[in-house]
Amino acid sequence: MPKYLLFILVFFVSKISNCQVDTVFVLKKVLEDSQTMIDAFQAKDIDTFMDFIHPKIIELYGSRENFKYEMTKDLPLEIIETKLSFPKTLLVNEYNYQCVLEQKQTIKVDLQKMYTISSLVGISYDKGKTWYFIGVSKNSFEQLKNTFPELDNRLNIMRQTAPILID
């Protein structure tokens, strides 16, 4: 009988260990995908950038072409750098994985440098293999929930801060 108990204990410990390894892998993948999205935007590779934008956002613009047009308009600012934090939490349910990354963006408007901090929500519908992102900007959680009802109420989402001058 003790051999069976030992086998069962080893089996459960290995399953728990695999879950932890999977969580680390998934969180690394979301950070990698979010950085790829940011790099694509910085390089003005809007097609790659759109691959990571949540499909509902593209739908709000009517089509990929409309979204691309809006993203290629000249903006009165220059994005100097975007830094992302490692997600602190991964929320898992039977339909998707969700997490929040903190995003610090340094921009230049005219001759002024400033930065903002906000949340970037990541959602995967295929167990962390593919990630889509939602920039929170000035939206409240309730506003986001209207468009994305699948957002978990436990997500710690922060609205974008007011710009903070650097120079």
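With contacts defined as alpha carbon pairs under 8 Å and 6 or more residues apart, what's the relative contact order of the stretch 52-167 in percent?
Across the stretch 52-167, relative contact order equals 25 percent.
Once you charge only the Cβ atoms, +1 for Lys and Arg and -1 for Asp and Glu, what is the size of the charge dipole of the chain about its Cα centre, to the nearest 20 debye?
In total the dipole reaches around 600 debye.
Using a simple charge model, +1 on the beta-carbon of Lys and Arg, -1 on the beta-carbon of Asp and Glu, nothing else, what dipole does the stretch 96-141 show about its Cα centre, in debye to the nearest 20?
Charge dipole, the stretch 96-141, about its Cα centre: 60 debye, nearest 20.
Mind checking the angle between helix 2-42 and the chain's longest principal axis? C-alpha axes, 0 to 90 degrees, to the nearest 10.
Long axis of 2-42 versus the principal axis of the chain: about 10 degrees.
Full extension from Phe141 to Lys44: what is 0.36 nm times the residue separation minus their Cα-Cα distance, to one decimal in nm?
Additional length available on full extension: 32.0 nm.
With runs of 4+ DSSP H residues as the only contributors, calculate the mean residue ellipticity of the chain at 222 nm using -39,500 (n - 2.57) per run, divided by the residue total and rounded to the nearest 500.
-13500 deg cm²/dmol
Under 20 Å from a point placed 7 Å out from the Cα of Glu32 along the Cα-to-Cβ direction: which residues of the stretch 101-123 have their backbone N that close?
Residues 101-102, 121-123 fall inside that zone.
Which percent of the Cα-Cα distances in the stretch 56-167 go past 15 Å?
That tail contains 70 percent of the Cα-Cα pairs.
Taking the Cα centroid of the stretch 116-162 and of the stretch 21-73, what is the distance between the two, rounded to the nearest whole Å?
Between the Cα centre of the stretch 116-162 and that of the stretch 21-73, the gap is 13 Å.
Any chance you could run the full-extension gain for Asn93 through Phe148? It's 0.36 nm times the residue separation minus the Cα-Cα distance, nm to one decimal.
Between Asn93 and Phe148, full extension yields an extra 18.3 nm.
Every number in this text was worked out from the coordinates using simple rules, so none of it is lab data. Owing to the predicted nature of the structure, the values given are computational and were not obtained by experimental measurement. All Cβ positions, glycine included, derive from the backbone under ideal geometry; neighbour counts span all protein chains shown.
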